[in-house]
Amino acid sequence: MTDVTSAASADDRATNGPFDESEANPVRPYIDLGGIKILPREGLNLRLEVEEQTKRIVAVGLDYADSTLQVQPFAAPRSTGLWEETREQIRTQVRQQGGRVEEREGPLGPELLAEVPVTGADGTNGKRLARFVGSDGPRWFLRGVIGGAATADVDAAAKVEELFRSIVVVRGGTPMPPRDLIPLRMPATPGTT
């Protein structure tokens, strides 16, 4: 049963995205961030999330349609994907933090809808909704965390899901252990080499 599901989602991914570099349209004007390429669009703001100690880029934040989409590309084994195992880890993590999480079938395949405890700047405690989505590709795994309007609003959700599907993952040929973050970098400034 698992093989049929993963085969179906893999076929859908190759057709509808997120795409492997070998599947992407080479003439589209992507923003090259190393491990991923983003298709620019009206109203999209891009943020690079940097690890304090190492100064390496660990995630890409995309603000779009009154929502946020944080993405991270990881190396994956040739034979199996990481999304099923990653969902279990996220479920455990959210529950340990005192949050609630439910798995559901979404437009991007299996996803987690989580209510995560947060502490506001004023010290008050609250909850934040987040959707965890993922896609297994050839030797890579792309994880996304959706926040804001796209957790509840159907139109915003459709726009952010399309944004996630338009991402191109550049795995590269360098051997990497599974679950290692595929290196991300600052986009090149136009006019420089």
- Message: Can you give me the % of accessible surface on the chain that is carbon or sulfur? Probe 1.4 Å, all protein chains present, nothing else counted.
- Response: 51 percent
- Task: Would you list which lysines come within 27 Å of LYS159, measuring only between C-alpha atoms, while excluding same-chain residues fewer than 8 positions from it?
- Result: LYS37, LYS127
- Note on the structure: Check: C-alpha center segment 20-69 vs C-alpha center segment 129-167, spacing in Å is 13 Å
- Note on the structure: For segment 38-139, shape from the Cα gyration tensor axes a ≥ b ≥ c, cut at a/c of 1.5 then a/b versus b/c, turns out rounded
- Note on the structure: Taking a ≥ b ≥ c as the square roots of the eigenvalues of the Cα gyration tensor, with a/c under 1.5 meaning rounded and otherwise prolate when a/b exceeds b/c and oblate if not, the chain is rounded
- Note on the structure: Summing -39500 (n - 2.57) over every DSSP H run of at least 4 in the chain, dividing by its residue total and rounding to the nearest 500, the 222 nm mean residue ellipticity is -7000 deg cm²/dmol
- Query: If you take the charge dipole of the chain about its Cα centre, with +1 on Lys and Arg Cβ and -1 on Asp and Glu Cβ, which of TYR64, GLY34, PHE132 is farthest toward its positive end?
  - Reply: GLY34
- Message: Just to be sure I follow the definition: excluding the sites themselves, where is the longest run in the chain that has none of the trypsin sites (Lys or Arg not before Pro) in a DSSP loop with at most 14 other Cβ atoms within 10 Å?
- Response: 79-178
- Task: Provide the percentage of antiparallel DSSP beta bridges, counting only those with both residues in the chain; round to the nearest 5.
- Result: 95 percent
- What is segment 16-117's relative contact order, in percent, from Cα pairs under 8 angstrom and six or more apart in sequence? 12 percent
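Classify segment 71-128: rounded, prolate or oblate, from the alpha-carbon gyration tensor (a ≥ b ≥ c, eigenvalue square roots; a/c under 1.5 rounded; otherwise prolate if a/b is larger than b/c)?
It comes out prolate by the Cα gyration axes.
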- Message: I'd like to check one number: the per residue accessible area of segment 117-193, probe 1.4 Å, reported in Å² as a whole number.
- Response: 53 Å²
- Longest site-free stretch - the chain; sites: GluC sites (Glu not before Pro), DSSP loop, at most 14 other Cβ within 10 Å: 53-193
- For GLU102 and ASN25, FRET efficiency with R0 = 35 Å and r from the beta-carbon atoms, rounded to 0.05? 0.45
- Counting Lys and Arg as +1 and Asp and Glu as -1, each charge on the Cβ, what is the dipole of the chain about the Cα centre in debye, to the nearest 20? 480 debye
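The values are calculated or read from the model by the stated rules, or taken from the named source; none is laboratory data. Fair warning: this is a prediction, and the values are worked out from it, not measured in the lab. Because the Cβ atoms are built from the backbone with ideal geometry, glycine has one as well, and the counts that use them run over all protein chains shown. Accessible surface areas use protein heavy atoms only, side chains included; no ligands, DNA or RNA. Shrake-Rupley method; radii C 1.70, N 1.55, O 1.52, S 1.80 Å.
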